[in-house]
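Below you'll find the structure, written out as structure tokens, and then a few comments.
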Amino acid sequence: MQQLIYYFQKYRYFLFFVLLEFIALFLIINNNTFHKSKFISSANGVTGGLYENFSKLSDYFNLRTQNEELASENEELKNLLEKHNSTQGSTIRAFVIDTLKYNQKYSYSKAKIIKNYYNTPNNYLTINKGTLQGVEKEMAVINSKGIIGITEYSNSNYSRVQSILNSNSKINARLKNSAHFGSLEWDGKDFNRVQLHDVPRQATLKIGDTIITGGRSTIFPEGILIGSIKNIDTKNNKNLIHIQLFNDMSNLKHVYIVTYLDKKEINSLNNPTNE
Amino acid sequence: MNSVLYVAFLFLSLLFLQVFVCNNILFLGYINPYVYIAFVIFYPLKKERFLFLLVSFLLGLAIDFFLDSGGINAFSLLFVAYIRLFLVHVIFKKTEQDYLLFNLQQEPFGRVFNYVIILIVIHHFILFSLANFSSQNFSNVLTNTLYSSIFTAVLFFIGTYIIRKKK
């Protein structure tokens, strides 16, 4: 016993050090698994509030680009509305019998990014909407130019978003001009470039082709823009497609959170409960 | 009391400097300085180390909270905090009696330079390896370590030079 106490006396700093390092390692491993990372997250009241105040200050630096982006999005939406109005009288109207039961699939709500990092291998964003505003985990975050990420953990007023620039993120994506799909990942190198894996070799690929989301998951609606093909790597008989993102991931501000209204129904089909 | 205030000031100023200034620099798109390691360099030398280890861990953890990085900053800062005394023994040849009067500014620049560079390189290497968290892209880890270490060291020496000039 005395030996043991003596041992602890002698190595007390080392043991304390090892204990703390184990705590840190535990947190690191937790952080690298999706959905378990709620211990260390900037989506809490203190850091979220500080980031929001800082973001109010730094917002002024890129007002011009944000304004231009919003104006061009408005232009696009106005044109869409005009197109819709011109066809409404004749054909499409006939299919919607009961307007109350009109089958809306998605609802969009706006949010603002208050923290954005894109220089590490696993990037996260923080947005200023949380469970009080109806944000839950696994919702899509997009803007007018394309996809941004998936919400991962929500506090009452802030949420953490797993960016597409994260080595853990896998998103279903497909070519715009054909139905061939693959999974979108990031290799951690260039924040303007993501990679599309597992596209079958039969697919005809051309540089400059547009890639959109595939709609095979309950998170992203189909047809959200991602980017265009930059080059195609055909090493080892596998197609590895490098994609230039439409979004400038280093300059993001206003985003939309997409709520998939049928999510529960679809998930209950995929995971039937025991009866 | 004075030293408690000093440590608290150091803790908070380095935390906010790191999170709101240094992490937004992104020189050439990806190079950031990690100046909060100055906490380990400036913290007064003491034989009793529990508090020092704990506070270093907490500073790293606080930065992790802001950066959503799990515990990588806590791990790497705690590691350099633990090896600091060994380095002081090896580089400055100091024993326990000298801790009270130890002052980096009175040491020869060559030794201080070695001491700071070793701490920075070890810290950055652990930080980037853990951030990468896989064996892929190892060359990225090395280049990141190299460039960020240079950046941090330059900022550190300029910063200490300015502070010393004022006094």
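Tell me yes or no: at least one residue of the range B:39-46 is surrounded by fewer than 17 Cβ atoms within 10 Å (Cβ to Cβ) and β-branched (V, I, T).
yes
Kindly indicate whether any position in the range A:113-135 is over 12 Å from the mean Cα position of the chain (by Cα) and of a type in the set (D, E, K, R).
Yes, that holds for at least one residue.
Here is a yes/no grid of residues against (1) modelled with pLDDT of 85 or more; (2) aliphatic (A, V, I, L, M); (3) in the same structural domain as A:T65 (by TED's automatic domain parsing):
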residue	(1), (2), (3)
A:N119	no, no, yes
A:E136	yes, no, yes
A:S163	yes, no, yes
A:A173	yes, yes, yes
A:G182	yes, no, yes
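Can you tell me which residue among B:L61, B:L54, B:L45 is free of Cβ contacts under 8 Å to residues at least 12 places away in the same chain and over 13 Å from the mean Cα position of the chain (by Cα)?
Just a single option satisfies the conditions, and that option is B:L54.
Determine whether the range B:125-139 contains at least one residue that is in contact with a helix residue (DSSP H, G or I) (Cβ under 8 Å, 6 or more places away or on another chain), within 14 Å of chain A (Cβ to nearest Cβ), surrounded by fewer than 16 Cβ atoms within 10 Å (Cβ to Cβ) and farther than 21 Å from B:L67 by Cβ.
Yes - at least one qualifying residue is present in the range B:125-139.
Select from the range B:41-62 the residues that are among the aliphatic types (A, V, I, L, M), more than 10 Å from every other protein chain (Cβ to nearest Cβ) and in a helix (DSSP H, G or I) and list them in ascending order.
B:I41, B:L51, B:V55, B:L59
Tell me, please, whether a residue that is in contact with a Phe, Trp or Tyr (Cβ under 7 Å, 6 or more places away or on another chain) and part of a loop (DSSP other than H, G, I, E, B) can be found in the range B:17-37.
Within the range B:17-37, one or more residues are in contact with a Phe, Trp or Tyr (Cβ under 7 Å, 6 or more places away or on another chain) and part of a loop (DSSP other than H, G, I, E, B).
Conditions (1) modelled with pLDDT of 80 or more; (2) within 21 Å of B:F133 (Cα to Cα); (3) outside the structural domain of A:I150 (by TED's automatic domain parsing), marked per residue:
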{"residue": "A:Y6", "(1), (2), (3)": "yes, no, yes"}
{"residue": "A:Y11", "(1), (2), (3)": "yes, no, yes"}
{"residue": "A:L20", "(1), (2), (3)": "yes, yes, yes"}
{"residue": "A:T33", "(1), (2), (3)": "no, yes, yes"}
{"residue": "A:K38", "(1), (2), (3)": "no, yes, yes"}
{"residue": "A:F54", "(1), (2), (3)": "yes, no, no"}
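Taking the residues in the range A:183-229 that are of a type in the set (D, E) and assigned to a loop (DSSP other than H, G, I, E, B) as candidates, determine which candidate is farthest from A:I142 (Cα to Cα).
In this case the residue turns out to be A:D198.
Got a sec? Which of A:V194, A:V199 is closer than 19 Å to A:T234 by Cβ, surrounded by 17 or more Cβ atoms within 10 Å (Cβ to Cβ) and touching a Phe, Trp or Tyr at 6+ places or on another chain (Cβ under 6 Å)?
Exactly one of A:V194, A:V199 is closer than 19 Å to A:T234 by Cβ, surrounded by 17 or more Cβ atoms within 10 Å (Cβ to Cβ) and touching a Phe, Trp or Tyr at 6+ places or on another chain (Cβ under 6 Å), namely A:V194.
Report whether or not A:N123 is more than 15 Å from A:K263 (Cα to Cα), touching a residue at least 12 places away in the same chain (Cβ under 8 Å) and touching a Gly at 6+ places or on another chain (Cβ under 9 Å).
For A:N123, the condition - more than 15 Å from A:K263 (Cα to Cα), touching a residue at least 12 places away in the same chain (Cβ under 8 Å) and touching a Gly at 6+ places or on another chain (Cβ under 9 Å) - is met.
Which residues, taken from the range A:173-191, are over 23 Å from A:N31 (Cα atoms) and buried (at least 16 other Cβ atoms within 10 Å of the Cβ)?
A:A173, A:R174, A:L175, A:H180, A:F181, A:G182
Look through the range B:21-38, keep the residues that are surrounded by 16 or more Cβ atoms within 10 Å (Cβ to Cβ) and at the interface with chain A (Cβ under 10 Å from one of its Cβ atoms), and return whichever of them is nearest to A:R193 (Cα to Cα). Lay out the reasoning, then the answer.
Step one: list which residues in the range B:21-38 are surrounded by 16 or more Cβ atoms within 10 Å (Cβ to Cβ), which gives B:22-23, B:30-38.
Filter again for at the interface with chain A (Cβ under 10 Å from one of its Cβ atoms), leaving B:23, B:30-32.
Details: B:N23: 21, B:Y30: 14, B:I31: 18, B:N32: 20 Å.
It comes out as B:Y30.
Looking at the range B:75-119, which of the residues that are under 30 Å from A:N31 (Cβ atoms) and surrounded by fewer than 18 Cβ atoms within 10 Å (Cβ to Cβ) is farthest from the other protein chains (Cβ to nearest Cβ)?
Among those residues, the one meeting the criterion is B:I117.
Need the failing condition index for B:N73 against (1) under 20 Å from B:Q105 (Cβ atoms); (2) among the polar types (S, T, N, Q); (3) in contact with a Leu (Cβ under 9 Å, 6 or more places away or on another chain), just the number.
In the conditions (1) under 20 Å from B:Q105 (Cβ atoms); (2) among the polar types (S, T, N, Q); (3) in contact with a Leu (Cβ under 9 Å, 6 or more places away or on another chain), B:N73 misses (1) alone.
Buried (at least 16 other Cβ atoms within 10 Å of the Cβ) and not in a loop (DSSP other than H, G, I, E, B): which single residue out of A:I241, A:I232 fits that description?
It is A:I241.
The values are calculated or read from the model by the stated rules, or taken from the named source; none is laboratory data. Fair warning: this is a prediction, and the values are worked out from it, not measured in the lab. Because the Cβ atoms are built from the backbone with ideal geometry, glycine has one as well, and the counts that use them run over all protein chains shown.
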